[in-house]
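Peer 1: My structure is below; once you've seen it, I'll send some questions.
The values are calculated or read from the model by the stated rules, or taken from the named source; none is laboratory data. Not measured: the values here are computed from a predicted model. Quick reminder, even Gly has a Cβ in these numbers, built from the backbone with ideal geometry, and neighbours come from all protein chains shown.
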Amino acid sequence: MATPPDNRLKSIERQIWARDKRAPAPVEKWEPEFRGDIDMRIARDGSWHYQGSPINRIGMVQLFATVLRRDPDGKFYLVTPVEKLGITVDDAPFVAVEMQVEGDGTAQQLRFRTNLDDWVDAGPAHPLRIAIDPETQEPSPYVHVRGNLEALIARPVFYDLVALCSDHEEDGKTRFGTWSGGQFFAFSDSADVRGDM
């Protein structure tokens, strides 16, 4: 029997509490039989909403984030061993709100803190990328968090990130980007950056 929509949030919460609450669940391994949708949304600013109202308890949001998954079709789900519920995500499910820098040059390591207090070390396992809006040409920077989940890098943090960027020769082109975890992340051709100045 399907769980009534009003009780889905409580049902998911109970299932999560039954396991380790803080660590991300092995959601990639779970393919529950029951599937549906729930009126939950993650706004571009990283705030979570249920039935149009914000979820103000950070602990509850952190709890739900442990069972969040993005499938290859681009859709986001809360997944437990017994149900898989689709939710709406306006952009990325997390926001990188702080950046720490250790070292410099090719030895530089960038660490990002998400709005849910998780830390991510940018590098080969957690790459940085920038998507350009085709209509506005505005950049949206991201850092990989886990699975198919990313954090949108908050605008003030992005400005700090750009301040660390420099030119680097790559594949016969001069690219503008930054180092982290032994990898150079190219954000654009240097000629494009110079043309914007």
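Peer 1: Can you list residue pairs whose Cβ atoms sit under 9 Å apart, with the first residue in region 45-58 being in contact (Cβ under 8 Å) with a residue 24 or more places away in the chain and more than 21 Å from S140 (Cβ to Cβ) and the second being of a type in the set (D, E, K, R) and assigned to a loop (DSSP other than H, G, I, E, B)? Count only pairs 6 or more apart in sequence or on different chains.
Peer 2: From region 45-58, the pairs are I58/D117.
Peer 1: Of the numbered conditions (1) surrounded by fewer than 18 Cβ atoms within 10 Å (Cβ to Cβ); (2) within 17 Å of S188 (Cα to Cα); (3) without any contact (Cβ under 8 Å) to a residue 24 or more places away in the chain, D160 satisfies every one except a single condition; which is it?
Peer 2: (3)
Peer 1: While we're here: Exactly one condition in (1) modelled with pLDDT under 95; (2) in a strand (DSSP E or B) is not met by V101; state its number.
Peer 2: (1)
Peer 1: Further, regarding this structure: Give all pairs with beta carbons closer than 6 Å in which a residue from region 71-86 that is under 17 Å from P26 (Cβ atoms) meets a residue that is hydroxyl-bearing (S, T, Y); count only pairs at least 6 apart in sequence or on separate chains.
Peer 2: Taking only residues 6 or more apart or on different chains, the pairs are K84/Y77.
Peer 1: Return yes or no: is W30 more than 19 Å from the chain's Cα centre (by Cα) and surrounded by 15 or more Cβ atoms within 10 Å (Cβ to Cβ)?
Peer 2: yes
Peer 1: How many residues are surrounded by fewer than 15 Cβ atoms within 10 Å (Cβ to Cβ) and either within 30 Å of R35 (Cβ to Cβ) or free of Cβ contacts under 8 Å to residues at least 40 places away in the same chain (or both) if we restrict to region 87-106?
Peer 2: Within region 87-106, residues that are surrounded by fewer than 15 Cβ atoms within 10 Å (Cβ to Cβ) and either within 30 Å of R35 (Cβ to Cβ) or free of Cβ contacts under 8 Å to residues at least 40 places away in the same chain (or both) number 6.
Peer 1: Restricting the first residue to region 169-197 and requiring it to be under 24 Å from F112 (Cβ atoms), which pairs with a second residue that is at pLDDT below 85 and assigned to a helix (DSSP H, G or I) meet a Cβ separation below 7 Å and a spacing of at least six or different chains?
Peer 2: R175/S190; F176/S190; F176/V193
Peer 1: Further question on the same structure: Since Y77 meets every condition but one in (1) of a type in the set (S, T, Y); (2) part of a strand (DSSP E or B); (3) surrounded by fewer than 20 Cβ atoms within 10 Å (Cβ to Cβ), which condition does it not meet?
Peer 2: Unmet condition: (3).
Peer 1: Just to be sure before I move on: is V120 modelled with pLDDT of 95 or more and either assigned to a loop (DSSP other than H, G, I, E, B) or touching a Lys or Arg at 6+ places or on another chain (Cβ under 8 Å) (or both) in the structure I sent?
Peer 2: Numbers: modelled with pLDDT of 95 or more: yes; either assigned to a loop (DSSP other than H, G, I, E, B) or touching a Lys or Arg at 6+ places or on another chain (Cβ under 8 Å) (or both): yes.
In short, yes.
Peer 1: Here is a follow-up. When the residues of region 59-70 are narrowed to those that are in contact (Cβ under 8 Å) with a residue 12 or more places away in the chain, in a helix (DSSP H, G or I) and not β-branched (V, I, T), which ends up nearest to A151 (Cα to Cα)?
Peer 2: Step by step, filter region 59-70, then rank; the result is A65.
Peer 1: Identify the residue in region 83-98 that is in contact with a Lys or Arg (Cβ under 6 Å, 6 or more places away or on another chain) and outside any strand (DSSP E or B) and, among all such residues, is nearest to G182 (Cα to Cα).
Peer 2: Here the answer is D91.
Peer 1: Any idea how many residues of region 11-27 are at pLDDT 60 or above, among the aliphatic types (A, V, I, L, M) and surrounded by 17 or more Cβ atoms within 10 Å (Cβ to Cβ)?
Peer 2: Result for region 11-27: 2.
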